[in-house]
Amino acid sequence: MSLGPVVVLAGGVGAARFLRGLVRVVPPEEIVVIGNTGDDMWWHGLYIAPDLDTVTYWLAGLADEARGWGIRGDTFTAQAALAGLSERSWFQLGDRDLATHLYRTGRLTAGVPLHAVTAELAESLGVRSRILPMSDAPIETRLKTDAGDLHFQEYFVREHFRPAVHEIYWTGLDQAQPAPGIAEALSAARLVLIAPSNPSISIGPIVRVPGMRALLAAARSRTVAISPLIAGRAVKGPTVELMRAQGVRPDAFGVADLYREIAAGFVIDTADVALAPSIAGLGYRIAVRATTLDDSDSASQVAAAALALLRQPAAA
Ligand code: FO1
């Protein structure tokens with residue numbers, strides 16, 4: 001096996017919980033994260049990149065792990081003041097988190113590309129893995145719902161993912177390309193992992209960046225995906241609802257079917273063992289194990305299973 005990096009396609013909290021285990025079985029400096037930026041938005045003049053920040057804070061050991069996003073022990077004094085000034089205060093920014101956003105926005109408006117600012121932030125916070133946005137170009141995940149045409153954060157945070165979703169679509173894709181460093185990382189990768197993130201709105205936008213699918217397809221024999229669904233349910237969030245909105249079967253088989261051209265290995269939970277033969281029928285090697293990722297021990301066991309999967313000799 002070559003000494004190339006382990007590349008991880010990542011959304012927010014699900015990916016961060018998985019990465020917390022991966023860094024225990026792979027040296028952090030050998031890990032390259034490709035993060036979703038479809039959730040990003042401009043908010044009161046600041047550029048917010050929730051999934052990049054979630055991954056950064058978790059890898060830095062700073063995350064509020066119970067809440068999933070933001071910084072542990074952060075205060076919300078500025079947020080409270082903003083709520084007194086504006087009705088647009090449904091998206092919460094902690095005071096320390098605000099520093100990240102002030103810094104990022106200042107650098108972006110000075111012309112520094114997102115991948116470079118993301119690297120600066122990660123380095124300042126002591127993260128040894130490389131974190132890359134899927135693209136430097138702005139890409140927005142939007143949803144057509146019963147409550148109108150919404151930005152992802154309006155649907156997720158403001159509307160608490162209650163409106164029925166009819167369509168998910170993206171703006172900005174036609175102007176986008178993978179961020180610098182992605183093509184090199186994927187072609188050199190000893191392993192590519194698709195984190196247990198929402199396939200519709202976390203992994204979906206990454207794969208849709210023009211040029212990305214071909215890079216991933218070329219690495220298919222080195223790629224393992226971890227199912228984000230256990231017994232047809234997500235640990236958190238509207239994964240099932242959004243897969244249904246895209247006409248995808250909302251279980252581990254549906255996820256495996258979505259990734260069949262870009263992954264050769266698939267990790268499913270023991271609760272889904274009955275799906276193993278049909279997923280194998282799609283051409284996958286399969287590992288079956290507890291995938292709840294409740295703590296770094298269980299996360300490292302899932303990561304170890306994913307690492308081992310493509311090392312085994314093929315079944316006769
Ligand atoms: N999620 C919420 O449910 N409510 C919030 O007010 C909120 C603020 C927030 C601020 C910074 C950040 O990095 C993430 C934040 N998130 C919040 C999480 C975020 O909306 C989602 O977790 C992701 O976009 C989905 O992966």
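The values are calculated or read from the model by the stated rules, or taken from the named source; none is laboratory data. Everything quoted here is computed from the prediction, not taken from an experiment. As a convention, Cβ positions derive from the backbone with ideal geometry for all residues, glycine included, and neighbour counts pool all protein chains shown. Heavy atoms of the whole protein, side chains included, go into the accessibility calculation; ligands, DNA and RNA do not. Shrake-Rupley method; radii C 1.70, N 1.55, O 1.52, S 1.80 Å.
Treating each Cα of the chain as an identical point scatterer and ignoring solvent, apply the Debye formula and state log10 I(q)/I(0) at q = 0.06, 0.07 Å⁻¹. Result of the Debye calculation: -0.18, -0.25. Have a look at Gln153, Gln301, Gln175 and tell me which one the Gaussian network model of the chain (Cα, springs below 10 Å) gives the largest fluctuation. With Cα springs under 10 Å in the chain, the top fluctuation among Gln153, Gln301, Gln175 is at Gln175. Restricting the calculation to alpha carbons of region 162-316 gives Rg and Dmax of 15.5, 49 angstrom.
Which value, in debye to the nearest 20, gives the size of the charge dipole of region 17-95 about its Cα centre, when Lys and Arg are +1 and Asp and Glu are -1 at the Cβ? Intermediate results must be reported in sequence, preceding the final value.
On the way: 6 positive and 11 negative charges, 43 e Å.
Computed charge dipole of region 17-95: roughly 200 debye.
Between Ser197, Ser135, Ser278, the Gaussian network model of the chain with springs among Cα atoms under 10 angstrom shows the greatest mean-square fluctuation at Ser278. Taking the chain as the reference, fit the longest principal axis to its C-alpha atoms, fit the long axis of helix 50-59 to the helix C-alpha atoms, and give the angle between the two in degrees, 0 to 90, nearest 10. Taking Cα atoms only, the helix is inclined about 70 degrees. Site pair Ala183 and Ala110 shows an inter-label distance of 2.9 nm when each label is modelled 7 Å from Cα along Cα→Cβ.
Taking the chain as a Gaussian network, where each spring joins two C-alpha atoms under 10 Å apart, which residue of Ala218, Ala234, Ala81 fluctuates the most? Of Ala218, Ala234, Ala81, the most mobile in the Gaussian network model is Ala81. Here the simple spin-label model places points 7 Å from the Cα toward Cβ, and for Ala214 and Ala60 these points are separated by 3.6 nm. Solvent-accessible surface (1.4 Å probe) assigned to Lys236 amounts to roughly 130 Å².
Sort His151, His44 by accessible area with a 1.4 Å probe, largest first. Don't jump to the answer; show the numbers that get you there.
On the way: His151 15, His44 75 Å².
Heavy-atom accessible area, descending, gives His44, His151.
The accessible-area ordering, largest first, of the residues His115, His101 stands as His115, His101, per a 1.4 angstrom probe. Angle of helix 114-124 to the longest C-alpha principal axis of the chain, folded into 0 to 90 degrees and rounded to 10: 90°.
Put the Cα centre of region 45-101 next to the Cα centre of region 223-284 and the gap is 31 Å. Against the main long axis of the alpha-carbon atoms of the chain, helix 296-309 sits at an angle near 50°. Once all protein chains are placed together, Arg128 keeps about 150 Å² accessible to a 1.4 angstrom probe.
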